[in-house]
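Each remark here refers to the structure printed beneath this line.
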Amino acid sequence: MEERITLCGDNCIECPRYNAHSEAELKRVAELWYRVGWRDKVVTNEEITCSGCSSHKA
């Protein structure tokens, strides 16, 4: 399986935040991250959106 480990330490290939493309998917990720304790509140789609970091971009 391909891996893309980036500055945040996550593998982008498996990251739900990186792979969320629709507004609904982003909202579900934000709600999930709140439920598992990775955020203190459900953040906005703008805050949860990730397009990858510079460690793997050409």
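The values are calculated or read from the model by the stated rules, or taken from the named source; none is laboratory data. Remember, predicted model here, so these are calculated numbers, not experimental data. When we count neighbours, we look across all protein chains shown, and the Cβ atoms used for this are built from the backbone with ideal geometry, even at glycine.
Below is a table of values for the structure above.
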{"quantity": "Qualifying helices (runs of 4 or more DSSP H) (wholly inside the chain; at least 3 residues being over 12 Å from the mean Cα position of the chain (by Cα))", "calculated": "23-35"}
{"quantity": "Search result, residues across the stretch 6-27 that are loosely packed, with under 15 Cβ neighbours inside 10 Å and without any contact (Cβ under 8 Å) to a residue 12 or more places away in the chain", "calculated": "GLY9, ASN11, GLU14, ASN19, HIS21, SER22, ALA24"}
{"quantity": "Test: residue in the stretch 22-38 that is modelled with pLDDT under 95 and not hydrophobic (A, V, I, L, M, F, W, C)", "calculated": "no"}
{"quantity": "Where a residue in the stretch 34-58 is closer than 21 Å to GLU3 by Cβ and surrounded by 11 or more Cβ atoms within 10 Å (Cβ to Cβ) and its partner, wherever it lies, is β-branched (Val, Ile, Thr) and at pLDDT 80 or above, with Cβ under 7 Å and at least six apart", "calculated": "GLY52/THR6; CYS53/THR6; SER55/THR6; HIS56/THR6"}
